[in-house]
Amino acid sequence: MPGPLEGIKVLDFTHWGVGPWGASLLAQMGADVLKIEPQEGDWISRQPPPYKNGITTTYIACNLNKRIAILDPREERDRQVIYKLLETADVIVENRRPGYMERRGLDYETVS
């Protein structure tokens with residue numbers, strides 16, 4: 001049975017725990033969530049045990065039902081890929097420090 005957010009595309013730029021968990025709830029309600037994270041991964045992927053296949057279970061729990069793309073918004077080439085993804089996205093979710101998205105050309109005024 002499709003969820004209430006079926007057909008909604010979300011780009012997830014969250015990190016730590018609360019942001020990824022919130023985006024995971026969108027995915028659990030049927031949204032197509034694509035998490036964008038740099039090569040080193042989200043901070044919670046390197047937290048203390050317990051682990052499953054070398055990844056902390058907190059990271060797994062906070063990213064249920066998501067797809068992951070390794071793209072670093074600090075890199076111009078990766079940013080161009082992100083801009084292409086934004087063409088079909090309905091929602092952007094982020095929980096970064098003020099100015100983070102703006103410095104990377106991903107703020108509301110630029111991408112809307």
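State which residue is least open to solvent (accessible area, probe 1.4 Å) when the search covers only segment 1-58 and only residues that are among the β-branched types (Val, Ile, Thr) and in a loop (DSSP other than H, G, I, E, B).
Selected residue: Thr14.
Could you please let me know if Glu102 is open to solvent by 60 Å² or more (accessible area, probe 1.4 Å), more than 15 Å from the chain's Cα centre (by Cα) and not aliphatic (A, V, I, L, M)? Steps first, please.
Details: open to solvent by 60 Å² or more (accessible area, probe 1.4 Å): yes; more than 15 Å from the chain's Cα centre (by Cα): yes; not aliphatic (A, V, I, L, M): yes.
Taking the combined requirement at face value, the residue satisfies it.
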> Limited to segment 96-107, what total is found for residues that are without any contact (Cβ under 8 Å) to a residue 12 or more places away in the chain and not in a loop (DSSP other than H, G, I, E, B)?
Replying inline: 3
>> Looking only at segment 61-96, how many residues end up being more than 11 Å from the chain's Cα centre (by Cα), open to solvent by 60 Å² or more (accessible area, probe 1.4 Å) and under 19 Å from Leu5 (Cα atoms)?
In response: 5
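The values are calculated or read from the model by the stated rules, or taken from the named source; none is laboratory data. Quick caveat, the model's predicted, so the values are computed rather than measured. Note: ideal-geometry Cβ built from the backbone for every residue, glycine included; neighbour counts use all protein chains shown. Side chains are part of the model used for accessible areas, which takes the heavy atoms of the whole protein and leaves out ligands, DNA and RNA. Shrake-Rupley method; radii C 1.70, N 1.55, O 1.52, S 1.80 Å.
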